[in-house]
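In what follows, a single structure is set out as structure tokens and then discussed.
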Amino acid sequence: MPLVQYSDAVQKVSKDTPVEEILYLLKRDGGVFVKTLVSEEDVDQAYQEAKPRLDADTEWNAQTQRAPSLIARSPTYTKTQVMNPLFRQVCDHVLTSRRWYWWGGEKKLSLSKPYVHSCTAMRIGPGGKAQPLHRDDYISHRDHAEIDHWDDARDMKRESAVGLFVAGCRITKENGGTQFIPRSHLWGSDRATPPKVEQCIFADMDKGDGFLMLASADHGGGSNTTTDEHRLLFATFIVRGYLRQEENQFLAGPTDIARSYDREIQEYMGYSMREPACGYVEQVDPIYHLRPELKEENRPRDF
Ligand SMILES: O=C(O)CCC(=O)C(=O)O
Ligand SMILES: [Fe+2]
């Protein structure tokens, strides 16, 4: 239970809010805004790094341009958004899997932490049309029972992924602010009626604000009805360690760029194993494939 009394509406909280409160709101509403999560300077720098790819993108949905493979393109984005400590804490809480299994007569615990799913910047120009409302966990073929509230004892395996949207500029309903249906993460997969725009709230964010969202919540990019504004958003998704990544991080950028990052980032990209036996190369952890200089630790193991 939260220490603070929150109204029923989707909340905008400060980044200093205790993570327990943020998790409470995320589980209650499916999404929560976090003010000033990333500094304006870091967001501007990340934009400069992503811009050549955005400019080069052929607009795939009328006026929307995307920059994928963002870890390869923007170290600033990677360090301040993918690796954002609050986002990581939230993802670790919602997406870490723990499972007992028998290994012969021995009872073992597997602890599988989440890793990077996809990293994209999106710019919607004047006249850009709204995206269809969707749940991003369709990617992992999730099947949900209808529930009326979140219950940790029942629902801690429910989510496959968590997203962080960071505003790259002032975002309003008019310039294409993300549409989001509060509490739609509680919905069953077999609902007969589709999600509707009338059920949505619209993101209203200042540059650097974040929106944390469970991947089962219905949402979509909004329409840009302005004549002169471009809406810039960075979108990062993190997925359970035993599910396939949406964006193949090993092929999304050259290995040399992966090598230029810290080990923590490399491991998060997927250059690491997830227990009990996911992701090895030549029977060893893929970090040794990326960094053969760590050889002394490099021993095949019995999974
Ligand atoms: O552009 C947005 O606001 C959200 C984009 C989105 O949901 C997606 O591409 O899956
Ligand atoms: Fe989405």
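The values are calculated or read from the model by the stated rules, or taken from the named source; none is laboratory data. Note that the structure is a prediction, hence the values are computed from the model and not measured. Positions of Cβ are backbone-derived with ideal geometry, glycine not excepted, and every protein chain shown enters the neighbour counts. With ligands, DNA and RNA removed, areas are computed over all heavy atoms of the protein, side chains included. Shrake-Rupley method; radii C 1.70, N 1.55, O 1.52, S 1.80 Å.
Some values worked out for this structure:
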item: Members of region 194-220 found to be in contact with a Gly (Cβ under 8 Å, 6 or more places away or on another chain) and of a type in the set (Gly, Ala, Ser), listed by number; result: Ala203, Ala215, Ser216, Ala217
item: Every residue from region 235-256 that is buried (at least 24 other Cβ atoms within 10 Å of the Cβ) and within 13 Å of ligand 2 (Cβ to nearest atom); result: Thr236, Phe237
item: Failed condition for Thr17, given (1) on the phi > 0 side of the Ramachandran plot; (2) open to solvent by less than 30 Å² (accessible area, probe 1.4 Å); result: (1)
item: Checklist (1) closer than 30 Å to Gln63 by Cα; (2) open to solvent by less than 10 Å² (accessible area, probe 1.4 Å); (3) within 16 Å of ligand 2 (Cβ to nearest atom) applied to Glu159, failing item; result: (1)
item: Of residues in region 172-197 being within 16 Å of ligand 1 (Cβ to nearest atom) and under 19 Å from the mean Cα position of the chain (by Cα), the one surrounded by the fewest Cβ atoms within 10 Å (Cβ to Cβ); result: Pro182
item: Residue count for region 113-158, restricted to those that are over 17 Å from the mean Cα position of the chain (by Cα) and of a type in the set (Gly, Ala, Ser); result: 6
item: Residue satisfying all of: in region 257-278; among the hydrophobic types (A, V, I, L, M, F, W, C) and in contact with a Gly (Cβ under 7 Å, 6 or more places away or on another chain); least open to solvent (accessible area, probe 1.4 Å) among these; result: Met273
item: Exclusive hit being open to solvent by 10 Å² or more (accessible area, probe 1.4 Å), touching a residue at least 40 places away in the same chain (Cβ under 8 Å) and within 12 Å of ligand 1 (Cβ to nearest atom), set Asp152, Asp136; result: Asp136
item: In region 247-284, residue nearest to ligand 1 (Cβ to nearest atom) [restricted to those that are of a type in the set (A, V, I, L, M) and in a helix (DSSP H, G or I)]; result: Met269
item: Residues (open to solvent by less than 40 Å² (accessible area, probe 1.4 Å) and either on the phi > 0 side of the Ramachandran plot or modelled with pLDDT under 95 (or both)) located in region 30-53; result: Gly30
item: Region 198-223 - residue that is more than 18 Å from Val10 (Cα to Cα) and in contact with a helix residue (DSSP H, G or I) (Cβ under 8 Å, 6 or more places away or on another chain) and, of those, surrounded by the fewest Cβ atoms within 10 Å (Cβ to Cβ); result: Lys207
item: Residue in region 231-246 that is farthest from Val166 (Cα to Cα), counting only those that are of a type outside the set (Lys, Arg) and within 12 Å of ligand 1 (Cβ to nearest atom); result: Glu246
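Listed here are the residues, each with its yes/no results for (1) out of contact with any strand residue (DSSP E or B) (no Cβ under 8 Å at 6 or more places or on another chain); (2) under 15 Å from Gly128 (Cβ atoms).
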site	(1), (2)
Ile171	no, yes
Gly176	no, yes
Asp190	yes, no
Cys200	no, no
Asp204	no, no
Phe211	no, no
Leu214	no, no
Asp228	yes, yes
